[in-house]
Structure formats: structure tokens, C-alpha cells
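The values are calculated or read from the model by the stated rules, or taken from the named source; none is laboratory data. The model shown is predicted, which means the values in this text are computed figures rather than measured ones. Counting neighbours? That spans all protein chains shown, and the Cβs are built from the backbone with ideal geometry, glycine included. These area figures cover heavy atoms from the full protein model, side chains too; ligands, DNA and RNA do not enter into them. Shrake-Rupley method; radii C 1.70, N 1.55, O 1.52, S 1.80 Å.
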Amino acid sequence: QFPFGRRLPCDIYWHGVSFHDNDIFSGQVNKFPGMTEMVRKITLSRAVRTMQYLFPLEYNFYPRSWILPDESSFFEKEIRTMKDRDPSWKPTFIVKPDGGCQGDGIYLIKDPSDIRLTGGLQSRPAVVQEYICKPLLVDKLKFDIRLYVLLKSLEPLEIYIAKDGLSRFCTEPYQEPTLKNLHQVFMHLTNYSLNIHSGNFIHSDNANTGSKRTFSSILCRLSSKGVDVKKVWSDIISLVIKTIIALTPELKVYYQSDIPAGKPGPTCFQILGFDILLMKNLKPMLLEVNANPSMRIEHEQELSPGVFENVPSPVDEEVKVAVIRDTLRLVDPQKQKKKDIHFQIESYKSKVIIRYNCFLCYRSQTLEHVSDTKEELLDAGPPDRLEHDANKNTEAGLPSLCLKQVFPKYAKQFNYLRVVDRVAALFIRFLGVKGTTKLGPTGFRTFIRNCKLSNSNFSMASVDILYIDITRRWNSMGIDHKESGMCWQAFVEAFFCLAQKKYKSLPLHEQVASLIDFCEYHLAVLDEKRLVCGRG
């Protein structure tokens, strides 16, 4: 540790909270700029909701959510309408403060009107979600899964998932929510930081018992009962990849703000904690994503009233030490240099073959349907068989990697979802001033003009009105006021609006994809003209 700084640069910087813990200009940092903001409950819900608009079936792993206080009236109206249609429907909702962690401030309600009783929403915004009433139970207890995910690179996108995770248990037998048990947190909330205070919490040195167990022990138990564990694991991999695809567009906006393209700066990687709940039908549901998951491998034990000591936790140690060890192995700069040299040699040797096969490769890939790769994802298998190819050359004296690469390994199946990434590229192109995250009115007009989006039916005056209306609405929602202009979410709304105007008869995801193609084509023509003029 260097509390007063360090003169010589490091290969790897390990920050405690965020990218901005220290000013770094080289090497690798274990945090992405903007990640803490991106995985807050409101921002995460907005990012997933954008993808749900485009691909509702692919993103049905996230509970229906409303943002408070901005959508309070809409929430009440929508629930009232649904109850009128089906009087037998008796939902439960869970309210989560936006900046809360470790279960702080979370509570359950049966009716939207109950939110008003808590007060303070203006000072502490929140997300309200449909509560999952039928979770999978083990030993009659509700539990969730903490999986560790390494985002090794944003561009190109590279994702790894740890072969094992933690299962955190409630400490009271589960019953479906009623007005009587609604406030029993040890029954409904799986947070370790809450349940550790229960008299029923069991610390165990055995990975198969206690209130915190390894996820692999749960999978073994399910497998012994005939459950298709391979299918469960492939569904979880799919959920993780889709969630990160939802987060990457706005992350790229933050990234270019702190590390502008073409300027020297550090590269980033980050360990994320995914909290996942298995439903009774074994469908995984995303609860939240943590930018700073706890890496403690010990717990406090009360020796006598008021006297505590730290005791090792074998379950935590088994999972977390492997995650950190293998993260460092994967980002080892010396290993990367050897890899780059090997790649250069191999690419030189195969240059002729690549050229010869490139047309045939392209043709065969475009003819294959996305669903053809389902088998490949299922072949990933349960955690005990998830090995990365790099394991063949495991470092001497170290165990095989616990981190399994899932992207770009399964990119072929998921690349069609990366539509909003291309929208982010357009947004970043027209930001103008490096280091900003908001688009000014001139930048928006330039975007419209360069992409040939204005016409007799959509004048530049209409463009200005669209910009003002959407920007004003998003700024009123408490979006960052440090700089003026159109934020990323507002630009996405404006882009979707333009796509719907231009391609009225298509589904939304086809409208958006068509408009992206249209914009990219005109920008490519413009770039070519500028190149020719430059040569002249």
C-alpha cells in the first residue's frame, strides 16, 4: 500500500472502491469508470428495460420494475388496471432504495399506496419490483446465488464467469408473502448482512451445510434429484452475458469520458458480483449486480457479550481466493506480451489461408441462424467441467483456472443483441468535446444533418423541439446536472423515436437496427469524402 502515492508506475492498480480512487495514467486498473453508477438499482433497471423494449423474450429474466418517485403514478395506474382485469391477482412488491446495499432500506408491500407510508422518496429514490413469490427452496429455505464475473475488457468485450459461487440462505422457513409475514426479513431477504444477525444463522466449515454454502454443492444436490444441471448453468451464463450487453453501451460513454480514444491511459478490468435467484421452475432471475462485491474470507464471531474476533470462513476462502488469484493471472501483463508475440507469429503463418477462406467463412456465418449455437452453450456443462483453453498451459504450481471465458466464446449466439452498442458509437462520435458525457444542441443537429435524417416532414425546427423536450424531461429526473445537454438515456429515447418515425411498419428492434444501418452508411460516405479531400 502507498497511502502517499508512488513515484514509479505499476503494472496493476487494485482500487478499493472506484476508478477514481487515484489518478492513474498507465497500467491496468481493477475498476471501470462509471461502473458504480451503472449498477445502481435505477440505472441497471433502465439499461435492462431498454433491452426489454427491443428483445422482450430474451430479457425476461429481470422482474418488472418501476422507478420511484418518477413513475409513482404510472406504477399505481398500471397495477390498478391489472387488478381490474384479474381480480384474483394478489401481487407482492419489493421496494429497494437506489443507493442501498446489504439489504438496507428494503421492504415488501402488497399495494402501491403502501409506499407513501414510508416517505422520503424525493430524498432517496428507489426501484419497486414484482416480488418473486415462488423461489426454489432447499431445506425449506429461500436462498440466492452470488456469482463472480470478470469483465476483462470492454472493447473487445471479454467476459469470464467463476466456476463456483456462494449460496446465501434465509434463516426462517419460507412461506409465500401475506400481510402477517410481510415484515419477516429473515424469511424473505437473503442478504448475508441481515441474516447473520438471526439466532438461526449457522456458520459451517462444510460447503454443503450452513447458512452460506458453495453453489456447486447446491448443483450437486439438484443433480442427485434428476435436475438437468447443465441446462441451469447454461441459462445462468446466458443471463450474465445479456446483462453485461445491456450495461456496455453506457459504460463506453463513461469510459471515453475518462480515457479518451487516442490518448495514453490505463486499461480496465473488474470483478462484479451477480446476485441471482432460482425460481421453483429453475429459471434464473437477476436480482442485482454489485460493483464492489465483498471479498472477505472471514466472519466475526462473538466470544462473549460485546467481545468479537475474526474467524476464517472456509466456504468464502474456497470461492473468493480462486477468483482473485485467477483474475490476476488473466490480466498478467507479462503473459499478455507472450500471447501477443505468439499471435503475431501465428497470424503471419496463416495470412494466405485466412485470405483464401475469408469469403467462404463470411458466407457460411451469415447463412447460419443464431439458434444453431444453442447446443454449443449447453455444452458448457456444469461448473466442474468449465475449463478455459488456457488451462492446457497452466502455470507451474498453480491450479487450473476457476474462471471460464463465456464471451467472445459464445459471441455468435449473442452478437445480434448488441444493437445499442452501435447507438452508443453514434452518440460518442457527436459528443464533440472529449471528456464530456452529454450531447449539446449543436452536436445533436450535426448528428441529424450528417445522417440525412431531416426532410420536408421532419424539419430542423422539429429537431430542436425533439431535443429540448426529451432533454428537459430527463434532466428533471435528477440526471447528473454537472454539465448541461442531452444525457445518454435521453439520446436513446430520441433515437428510438426517430426510428419509429422512419420505419413505421417494423417491430421496434428492426426499426432501430434499420436506422443504425442508415446512419452508418451516410457517415461512411461522409468519411470517404473527407478522406478523398484530405488526399487532394
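Miscellaneous remarks
- Just so you know, in segment 504-514 the residues that are touching a residue at least 24 places away in the same chain (Cβ under 8 Å) and buried (at least 18 other Cβ atoms within 10 Å of the Cβ) include one that is nearest to Tyr53 (Cα to Cα), and it is His509.
- Condition check for Tyr62: farther than 24 Å from Ile245 by Cα, touching a residue at least 60 places away in the same chain (Cβ under 8 Å) and in contact with a strand residue (DSSP E or B) (Cβ under 6 Å, 6 or more places away or on another chain): no
- Taking the criterion of being charged (D, E, K, R), closer than 14 Å to Cys451 by Cα and modelled with pLDDT of 95 or more, the residues of segment 482-536 that qualify are Asp517, Glu520.
- Close pairs (7 angstrom Cβ cut-off, 6 or more residues apart or separate chains): on the phi < 0 side of the Ramachandran plot in segment 396-411, part of a loop (DSSP other than H, G, I, E, B) and of a type in the set (A, V, I, L, M, F, W, C) anywhere: Lys404/Leu386; Phe407/Leu157; Pro408/Leu157
- Subset of segment 402-447 that is of a type in the set (S, T, N, Q) and assigned to a helix (DSSP H, G or I) - its residue that is nearest to the chain's Cα centre (by Cα): Asn415
- Scanning segment 291-323 for residues that are polar (S, T, N, Q) and open to solvent by less than 30 Å² (accessible area, probe 1.4 Å) yields a single hit, Ser313.
- Considering segment 169-265, the qualifying helices (runs of 4 or more DSSP H), each wholly inside and each with 1 or more residues that are outside the structural domain of Gly100 (by the TED database) and farther than 20 Å from Pro284 by Cα, run over 185-188, 192-195, 229-258.
- A single entry from Ser18, Ser73 fulfils the requirement of being under 29 Å from Val420 (Cα atoms) and open to solvent by less than 60 Å² (accessible area, probe 1.4 Å): Ser18.
- Segment 31-114 holds no strands (runs of 3 or more DSSP E) entirely within its bounds that carry 1 or more residues that are among the acidic types (Asp, Glu).
- A single entry from Tyr160, Tyr131 fulfils the requirement of being within 25 Å of Asp316 (Cα to Cα) and of a type in the set (Phe, Trp, Tyr): Tyr160.
- A single member of Ile218, Ile202, Ile241, Ile237 is aliphatic (A, V, I, L, M) and open to solvent by 70 Å² or more (accessible area, probe 1.4 Å), and it is Ile202.
- On the stretch given as segment 23-53, residues that are loosely packed, with under 14 Cβ neighbours inside 10 Å and without any contact (Cβ under 8 Å) to a residue 60 or more places away in the chain total 1.
- On the stretch given as segment 158-189, residues that are among the hydroxyl-bearing types (Ser, Thr, Tyr), out of contact with any Phe, Trp or Tyr (no Cβ under 6 Å at 6 or more places or on another chain) and open to solvent by less than 10 Å² (accessible area, probe 1.4 Å) total 1.
- Subset tally (residues that are at pLDDT below 80, open to solvent by less than 50 Å² (accessible area, probe 1.4 Å) and more than 30 Å from Val229 (Cβ to Cβ)) for segment 100-146: 4
- If the condition is being in a helix (DSSP H, G or I) and open to solvent by 50 Å² or more (accessible area, probe 1.4 Å), then segment 448-463 contributes Arg449, Ala461.
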